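Here the structure comes first, spelled out in C-alpha cells, and everything after it is commentary.
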Amino acid sequence: MTKLSELEPKFMHEVANTPRGKGILACIQCGRCSSSCPIARLVDEHNPRQLMEMIILGSRDEVLHTKLPWYCLSCFTCLDRCPQGGDVAEVMFAIRNLAVREGNVPDGFAAQAGNLIKTGRVVTPAMMMINKREKLGLSKTPSTAIEEVQKILKKTTLDKMMASRRTVKE
C-alpha cells in the first residue's frame, strides 16, 4: 500500500493525457466495472474500480510497477456497464503504455514483444501448423514484412523499451 507521502496527485492527469487515458476523468467509483469484469471474478487481486481509485489518488508506483493493469482482457464490458461512459479498458492501455516506458513489463508480454521485434510476429507458429502448411504445399511460415514491422517498432522505440525492461512485481 502506498504511503500518503508517496502519492503523486498529478498522476491522474498524466494518465488522462496519455493516449487512450481520458476515461479516468469520468470515473465516479461506482464499481460497475469490477462487478461486471470477467477477470475480477477469477483473479482476486484484479479490481478495476480499485485500480481506478489508485490512479485518482496518485498511487503511481503501485499502479505502474505491478501486474494489475496487465490482467485486463480488453473485453470492454466495463464500457458497456459504466454509467459515465468511462472506458476502463482504454485506461488500462494508457497505464500499460506508461509502465512500458518505465521498463515494467510482465515476462509473457516481454516474450511476445521480443518475438515481434525478432520475427515480425507476436506468436511463433507451432510445429503442427508448420507441418500442416508443408503438407498443403505452402511455405513453412506465412510471409511477414519483417523489415516494415521492425521499422515501425524502431519508430515507436519498442525495441529500446524492451531492452531496458525490469521485472514486474508479483
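With viscosity set to 1.306 mPa s at 10 °C, what whole-number translational diffusion coefficient in µm²/s follows for the chain from Stokes-Einstein and a Kirkwood radius over Cα pairs? Here the translational diffusion coefficient equals 90 µm²/s. Across segment 39-51, coupling constants 3J(HN,Hα) worked out from phi with the 6.51/-1.76/1.60 Karplus curve, θ = phi - 60°, read 6, 4, 6, 9, 10, 3, 7, 8, 9, x, 4, 5, 5 Hz, and Gly and Pro carry x. Remark: segment 74-90, residue by residue, has Karplus-estimated 3J(HN,Hα) of 6, 7, 6, 4, 4, 5, 4, 9, 6, x, 9, x, x, 10, 4, 4, 5 Hz, where x stands for each Gly or Pro and the curve is 6.51 cos²θ - 1.76 cosθ + 1.60 at θ = phi - 60°.
Calculated mean residue ellipticity at 222 nm for the chain: -13500 deg cm²/dmol, from DSSP H runs with n ≥ 4 weighted as -39500 (n - 2.57), summed, divided by the residue count and rounded to 500. For Thr66, no residue whose modelled amide H falls within less than 5 Å of its own remains once neighbours fewer than 5 places apart on the same chain are excluded.
Based on C-alpha pairs under 8 angstrom that are at least 6 apart in sequence, the chain has a relative contact order of 23 percent. Amide H contacts of Asn104: Arg166, each under 5 Å away and 5 or more positions distant or on a separate chain (H built 1.01 Å from N in the peptide plane; Pro and chain starts excluded).
Dividing the mean sequence gap of close Cα pairs (under 8 Å, 6+ apart) by how many residues segment 73-165 holds gives a relative contact order of 28 percent.
Each reported figure results from applying straightforward, stated rules to the coordinates on display, with no laboratory input. Just so it is clear, the structure is predicted and the values come from calculations on it, not from any experiment.
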